[in-house]
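To start, the structure itself, in structure tokens.
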Amino acid sequence: MSLLVIEHLTKQFGGLLAVNDCNLSVEVGEIHALIGPNGAGKTTLINQISGAQRPTKGRIRFDGHEITHLPQHQRVRLGLARTFQITNLFRSYTVLENLELAVQARSGSSFRFWSPVKREKALREEAEQIAEMLGLTPRNHTPAAQLSHGEQRQLEVGLALACKPKLLLLDEPMAGMGPEESGQMVELIDRLSQSVTILLVEHDMDAVFRLARRISVLVYGQVIASGPPEAIRANPEVHKAYLGDDPGGQHP
Amino acid sequence: MRYGPILLLLGLLLAFPPIASATGLEFYTGLLTKLMIFALAAGSLNLILGYGGMVSFGHAAYFGVGAYTAAILAREGVSSAWVIWPVALALSGLLAFLIGAVCLRTRGVYFIMITLAFAQMIYFLVVSFKQYGGEDGLRARRPDFGLFELSDTTLYYLTLAVLAAVLYGLYRLVNSRFGRVLQAIRENESRTAAIGYPVYRFQLVAFVIAGVLAGLAGVLMAHYTEYASPNLLAWQQSGHLMMMVILGGVGQFWGGVLGAATLLLVEEILQDLTLYWQLGVGLILLLVVLFAPRGLAGLLRRRAG
Ligand SMILES: Nc1ncnc2c1ncn2[C@@H]1O[C@H](COP(=O)(O)OP(=O)(O)OP(=O)(O)O)[C@@H](O)[C@H]1O
Ligand SMILES: [Mg+2]
């Protein structure tokens, strides 16, 4: 069953077609990797799916709902959460404060003006559980800005996770990571995939081939190939457009 | 929040009018009333500017509309404060809703300019009503509260009570769920939206609350001076309120109060000493911006540890 279906999606910036008549579907339970060269339109696609930007043309359906014109917060409520390629945290807030904000967003109305939010134990406890799952518990009270790069990337995923999504949109979660940190992130994503469907944008081919059940290749805003990893690895067009001669190699 | 100093200050303010009148210093009761009114107005601006990160350069609009509503209703023969107050608050809130609904679709410098533009439109609109005094402003008798006579002294206590109640409400608000989201939007708008908050709605609600509170300050101002002046609506007044917030501490809880009190006192003192008092005010503001980016409230907080 398809959780996410994208049809003829197009996003135009002036004369540039960043996403060009793009079709893509993500099945329930899979890790679906989206790869493609720099500037292919991967982040723009994530922005359209999450609702941060409006598409020029096309449709997006999610979990049986037509969401093409839905505002971002309603998409989050339906179960769509995203991370950012460039770390985008509440930098002066601690790890727990970051996570509590995300937990609060989905637990009851936030148009409450009187009771102190710090007294809401339930928010704190859920935030602590998420921090623990991320392995960030020792850093619970550290401001996000003071975390290491790897920890910031984990919190980046944690904030999306705290929205309790059905579909997690990960935009290059390993960006800027060394091999050890990447290894931890692969392990985290693998664990998450047991309970949530994942659309993974990633340049790290080792990670992609270790994690993905299906891979789609985006070039100039269009999906030129989509299929299981072996098929993508063997596809000559993909090689020409993107993978180069070394299927396991890193993209620059 | 430490309650000791607050209770002390409240006690001093409560005891002030009788002491002042016994020692022939009634003038200062009036001055304190004015300080408290501006503390309320600056506090309301601090909610959106400081906590919400919305740099509104048109806050005088709501202040002035509150004052003018009170004065115009008085001129039209409405004498009960129980009518004047609700109408004035509702009108400033409605105005903030309409202006906010448009302005909050823009960001950055556009937001600053468009809030200023709307406020200027209100200014020229009000000044164009010749039957309400035009550029001369409008005299207005103080209204009738029924329970008590609105003398200089009771107005002082009324203002004190309103300010205390509003500050307590704001204190609850900035520490509530709503307040937390408002500050999150200031910290990182795109992430706040990405975790599922309708950013625009939160900002608009805060904008309206601030507008209503500024309108309330305007009503008190009209009672205080028994007069509604176009100056209350002018862009210089918006700038004045912004200076208070910056001086007192942007996004610091006591920023509005401290900034209003300090700026008005400094102006009062320098005006007596020199013709170039505005230069002095400018220098003080410059020093604060350079050396105390969190304003006077930030300095005090650091001193208190
Ligand atoms: N807001 C924008 N305005 C104009 N052009 C844009 C905008 N956002 C993206 N683009 C352009 O659209 C194209 C696709 O960009 P996008 O960021 O989606 O690529 P990407 O696949 O995520 O690349 P990378 O691998 O480098 O992250 C690029 O040419 C980019 O310059
Ligand atoms: Mg990208």
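Is it the case that the stretch B:76-86 has a residue that's under 30 Å from residue B:175 (Cα atoms) and at pLDDT 95 or above? Scanning the stretch B:76-86 turns up at least one residue that is under 30 Å from residue B:175 (Cα atoms) and at pLDDT 95 or above. Within the stretch A:10-44, restricting attention to residues that are in contact with a Lys or Arg (Cβ under 7 Å, 6 or more places away or on another chain) and farther than 26 Å from residue A:186 by Cα, the residue that is farthest from ligand 1 (Cβ to nearest atom) is A:10. For the stretch A:99-114, does any single residue satisfy the condition of being of a type outside the set (D, E, K, R), more than 8 Å from chain B (Cβ to nearest Cβ) and crowded, with 19+ Cβ neighbours inside 10 Å? Yes, some residue in the stretch A:99-114 is of a type outside the set (D, E, K, R), more than 8 Å from chain B (Cβ to nearest Cβ) and crowded, with 19+ Cβ neighbours inside 10 Å.
Among the residues examined, residue B:250 qualifies as among the hydrophobic types (A, V, I, L, M, F, W, C), surrounded by 13 or more Cβ atoms within 10 Å (Cβ to Cβ) and not in a helix (DSSP H, G or I).
The set of residues from the stretch A:47-64 being within 13 Å of ligand 1 (Cβ to nearest atom) and under 15 Å from residue A:3 (Cβ atoms) comprises A:49, A:50. For the stretch B:1-60, filtering for residues that are more than 28 Å from residue B:181 (Cα to Cα) and of a type in the set (Gly, Ala, Ser) leaves 8. Please verify whether residue A:85 is within 16 Å of ligand 1 (Cβ to nearest atom), part of a loop (DSSP other than H, G, I, E, B), under 16 Å from residue A:169 (Cβ atoms) and within 14 Å of chain B (Cβ to nearest Cβ), treating the condition exactly as stated. So residue A:85 passes the test. Out of A:62, A:13, one residue alone is crowded, with 20+ Cβ neighbours inside 10 Å, closer than 21 Å to residue A:84 by Cα and aromatic (Phe, Trp, Tyr). It is A:62. Within this structure, residue A:132 passes the test of being more than 20 Å from residue A:2 (Cα to Cα) and more than 14 Å from every other protein chain (Cβ to nearest Cβ).
In this structure, does residue A:28 turn out to be surrounded by fewer than 18 Cβ atoms within 10 Å (Cβ to Cβ) and either within 11 Å of ligand 2 (Cβ to nearest atom) or at pLDDT 95 or above (or both)? The answer is yes for residue A:28.
Exactly one residue among B:74, B:41 is in contact with a helix residue (DSSP H, G or I) (Cβ under 6 Å, 6 or more places away or on another chain) and closer than 30 Å to residue B:116 by Cβ, and that residue is B:41. Output the residues belonging to the stretch B:249-269 that are under 24 Å from residue B:2 (Cβ atoms), touching a residue at least 60 places away in the same chain (Cβ under 8 Å) and over 13 Å from the mean Cα position of the chain (by Cα). Answer for the stretch B:249-269, where residues must be under 24 Å from residue B:2 (Cβ atoms), touching a residue at least 60 places away in the same chain (Cβ under 8 Å) and over 13 Å from the mean Cα position of the chain (by Cα): B:249, B:250, B:251, B:252, B:253, B:265. Meeting the requirement of 2 or more residues that are of a type in the set (Phe, Trp, Tyr) and free of Cβ contacts under 8 Å to residues at least 60 places away in the same chain, the helices (runs of 4 or more DSSP H) wholly within the stretch B:96-207 are B:108-127. If you check A:35, A:49 for being within 14 Å of chain B (Cβ to nearest Cβ) and either within 16 Å of ligand 2 (Cβ to nearest atom) or aromatic (Phe, Trp, Tyr) (or both), only one passes: A:49.
The values are calculated or read from the model by the stated rules, or taken from the named source; none is laboratory data. Note that this is a predicted model, so its numbers are computed, not measured. Using ideal geometry, Cβ is built from the backbone for each residue, glycine included, and neighbour counts are taken over all protein chains shown.
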